[in-house]
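The next block holds one structure in the form of structure tokens; read it before the comments.
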Amino acid sequence: MTNIRNAVKAAAASGERIRGVFMTYPAPAVIEVLARAVKLDFVYLDGEHGCFDWSDISTASITAERWGLTLIARVPDRSVSTITRYLDRGVVGIVAPHIETVQDAEEVVAAAYFAPLGKRSFGFGRPQYGKGSGSLSDYAAEFNARISVSLMIESRAGLDNIADIARVPGIDYLSFGLHDLSQDLGCVGDRTHASVTEKVERAKLAIRSAGKPVREDFMNFCWINDALIEGASLKLGSAGN
């Protein structure tokens, strides 16, 4: 197995700030251009709302590895089969959406890690993860040491259980799905509503008190469409000029 450093896991532990781009569609050439031009540390695939098939995940993984980037993905659901297939394609960081309970969090950990921390199934997709790469026990230990797991809080129930969720072993950091969260709190479309921001700030304190960081504590990122629009506007000027 190749020695792939997980910059996201390292930064979550150290607090070092890292830079990345959030992708919502497959574009390996964009990953290559940005990796070279702006010195990215990671690429995030939005598998919940984006447009990716399994070959796209594999191609993104190969591209990221070629440029020394960490590939993480928000999975479309937290089922064992979905998490396993993302990991078998080469993703080294799982972001699980819609976490509301400790049991939800523990199920994600169980699917993402091999024993003793989890129960991940042994399956070999990418060539470097095959049986020719060494003993299975060494493979499992190396993988467990580098995989990152993040949870997204997107509901009132998740906020209510946040302190206990954050203490689940195997979780590297947490984040908030503010659009869905604001909707669940009765503020549809207003993620900056005072009642939303107040509850989120309290939740952040609980997360940090449990010894875990929040995504924004160490990540600088942009969504790919925002980068394209802002870059084009900068180069071309506003419409009509």
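The values are calculated or read from the model by the stated rules, or taken from the named source; none is laboratory data. For clarity, every value in this text was computed on a predicted model and none was experimentally measured. Every residue, glycine among them, receives a Cβ derived from its backbone with ideal geometry; neighbour counts consider all protein chains shown. The area values use the complete protein model at the heavy-atom level, side chains included, leaving out ligands, DNA and RNA. Shrake-Rupley method; radii C 1.70, N 1.55, O 1.52, S 1.80 Å.
Once the Cα-Cα distance is subtracted from the 0.36 nm per residue extended length, the HIS179 to HIS49 segment shows a gain of 45.5 nm. Within the full protein context, the accessible area of HIS179 is estimated at about 110 Å² for a probe radius of 1.4 Å.
What is the chain by shape, rounded, prolate or oblate, if you read a ≥ b ≥ c off the alpha carbon gyration tensor as root eigenvalues and call it rounded for a/c under 1.5, prolate for a/b larger than b/c, and oblate otherwise? The shape class here is oblate. Answer rounded, prolate or oblate for segment 170-234, using the Cα gyration tensor with square roots of eigenvalues a ≥ b ≥ c: rounded when a/c is under 1.5, else prolate when a/b is larger than b/c, else oblate. Judged from the Cα gyration tensor, segment 170-234 comes out oblate (a/c at least 1.5, b/c at or above a/b).
Measuring between their Cα centroids, segment 163-200 and segment 1-80 lie 23 Å from each other. Summing Cβ point charges (Lys, Arg +1; Asp, Glu -1) relative to the Cα centre of the chain gives a dipole of roughly 720 debye.
So for ASP138, ASP88, ASP217, ASP164, what's the accessible-area order with a 1.4 Å probe, most first?
Final ranking, largest accessible area leading: ASP138, ASP164, ASP217, ASP88.
For segment 1-128, the relative contact order comes to 21 percent (Cα pairs under 8 Å, sequence separation of at least 6).
Working from Cα pairs under 8 Å separated by at least six residues, relative contact order for the chain is 20 percent. For LYS212, the lysines whose Cα comes closer than 29 Å to its Cα, not counting residues fewer than 8 places off in the same chain, are LYS9, LYS39, LYS119, LYS199, LYS204. Within the shell defined by Cβ-Cβ distances under 12 Å, the residues around ARG146 carry a net charge of 0, with Lys and Arg each +1 and Asp and Glu each -1. If R0 equals 30 Å, the separation of the Cβ atoms of SER81 and ASN220 corresponds to a calculated FRET efficiency of about 0.35.
Modelled spin-label separation between LEU205 and ALA232, with each label point placed 7 Å from Cα along the Cα-to-Cβ direction: 4.4 nm.
For segment 61-109, what does the alpha-carbon gyration tensor say about shape, rounded, prolate or oblate, given a ≥ b ≥ c as the root eigenvalues, a/c under 1.5 as rounded, and a/b over b/c as prolate?
prolate
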